[in-house]
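First up is the structure itself, then whatever we jot down about it.
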Amino acid sequence: MKFLVVLFLLASIKGFAYESIAGKGLICAYGKKKQIYEGYLFFNRKYISKFLYLEKNRFKIRQNEKRNYTISKDSINLYPFKININSFQVIDTEFNKVIGSCFLKETHEKVNSFMNELKFKTQESYNKNLKGHEI
C-alpha cells in the first residue's frame, strides 16, 4: 500500500504528463540575465505564447496565434525550441543550446496574472527612467 501511495505522489509531482498539460502554463525567462519573459498557455495539442513589447512608450502584451506542440517522454516540443520536462530548461534545437529556463503555473489565469504584473512593473520602471516625463 505504501508503495502505491509513493508511486502516486511521484506521478503527481511530475505535473506535466501529456494527459494533464492542457490548462497549464509555463513562464520562461530568456536573455543573458533572464530578464525577458514569455508565457505559454497549453491547450489540447496547441499552445499560445504571450510576451511584452513596447509601442509608443507603452508596454503591451502580445498573444500569438495557436500553434501545435508535441510531447515526448522528456520534453515539450515547441518548434524551434524544446523544453526539458525534468529541468524546465529551454533548448534551441537548431544550435542544441540552452537559452532559457521555465517554471510551471498550474492554470492559464496564473500565467495571465504573472504577465499583467510584469507589464505593470516594467511600465512603472520605464516611466521612472523617463524621469517624470510619463506619456
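The values are calculated or read from the model by the stated rules, or taken from the named source; none is laboratory data. The shown structure was predicted, so the numbers you read here are calculated from the model rather than taken from an experiment. No Cβ is skipped: glycine too gets one built from the backbone with ideal geometry, and neighbour counts run over all protein chains shown.
Brief remarks follow.
- Here ASN77 passes the criteria (1) of a type in the set (S, T, N, Q); (2) outside any strand (DSSP E or B); (3) over 24 Å from LYS33 (Cβ atoms) except the one numbered (2).
- The residues of the range 83-103 that are exposed (fewer than 13 other Cβ atoms within 10 Å of the Cβ) and part of a strand (DSSP E or B), listed by number, are LYS97, VAL98, PHE103.
- Of all residues in the range 45-66, those satisfying the criterion of being part of a loop (DSSP other than H, G, I, E, B) and at pLDDT 95 or above are ASN64, GLU65, LYS66.
- Checking ALA29 against (1) part of a helix (DSSP H, G or I); (2) modelled with pLDDT of 95 or more, the condition it does not meet: (1)
- Residue within the range 110-132 that is among the acidic types (Asp, Glu), at negative phi and in a loop (DSSP other than H, G, I, E, B) present: no
- GLU19 meets the conditions (1) in a strand (DSSP E or B); (2) at pLDDT below 95 in every case but one. The failed one is (1).
- Inspection of the range 67-86 identifies no residue that is modelled with pLDDT of 95 or more and farther than 22 Å from LYS24 by Cα.
- Filter result (loosely packed, with under 11 Cβ neighbours inside 10 Å and among the basic types (Lys, Arg)) within the range 63-78: LYS73
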